[in-house]
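I have placed the structure first, in the form of structure tokens, so that the comments after it can refer back to it.
Coordinate-derived values only; no laboratory data. The structure presented is a predicted model; accordingly, all values stated were derived computationally and were not measured. Heads up, the Cβs are rebuilt from the backbone with ideal geometry, glycines too, and the neighbour counts pull from every protein chain shown.
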Amino acid sequence: MSDHLKYFTEHMPATFVYAGINVENSGLFTGLRGRQISARTVLMTTGPFPLTEEWDSLVATLEDGLRLHAHEPGTLTSQTQYLHHRTGGSISSLSHLIREAAILAILNGTERIDRALLDDISIDHAAESIAPRPPAANPSVQ
């Protein structure tokens, strides 16, 4: 693979963007070819999505895509801080949470997503270990 990547960068007048997980430890930058590739690349690491206007926009975009009959627009956008905390800023976890909530809202007939429904949904292990779900509310306990 290293030979192919090196060949492309030497023979094509283009900018290459490679994406992967744990690239620096994958072996791509080891050996003679790997050192040559690493000398021609800039490594950019990413992390969780920050709680900014872009996060708010992402939540709004996902909410705009919902086609639930009784869902009140703005319900999710008013919960952006909760959604960020709950998902650890992971776009994948956020997408899973909203998709699962939409499916449950259809199955249970409410056709809407609210905080109680979101609290009941288990998402991926990484997000759950960052921000465990709150205990279920028990109306009989005061």
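Details
- Check: the range 53-130 dipole with +1 on Lys, Arg Cβ and -1 on Asp, Glu Cβ, in debye: 160
- Using a simple spin-label model with pseudo-atoms 7 Å out from Cα toward Cβ, Ala70 and Lys6 lie 6.4 nm apart.
- With the convex hull of the Cα atoms taken as the outline of the chain, the averaged projected area works out to 12.4 nm².
- Under the span-like rule (Cα at least 15 Å along the axis, Kyte-Doolittle mean at least -0.5), DSSP H helices of the chain: 91-107
- Dipole magnitude of the chain, debye to nearest 20 (Cβ charges: Lys/Arg +1, Asp/Glu -1, about Cα centre): 540
- Within a Gaussian network of the chain (alpha carbon springs, distance under 10 Å), most fluctuating of His84, His69, His96: His69
- Across the range 53-130, Cα-Cα pairs farther apart than 15 Å form 50% of the total.
- Max mean-square fluctuation residue, GNM over the chain, Cα-Cα springs under 10 Å, options Gly89, Gly47, Gly34: Gly34
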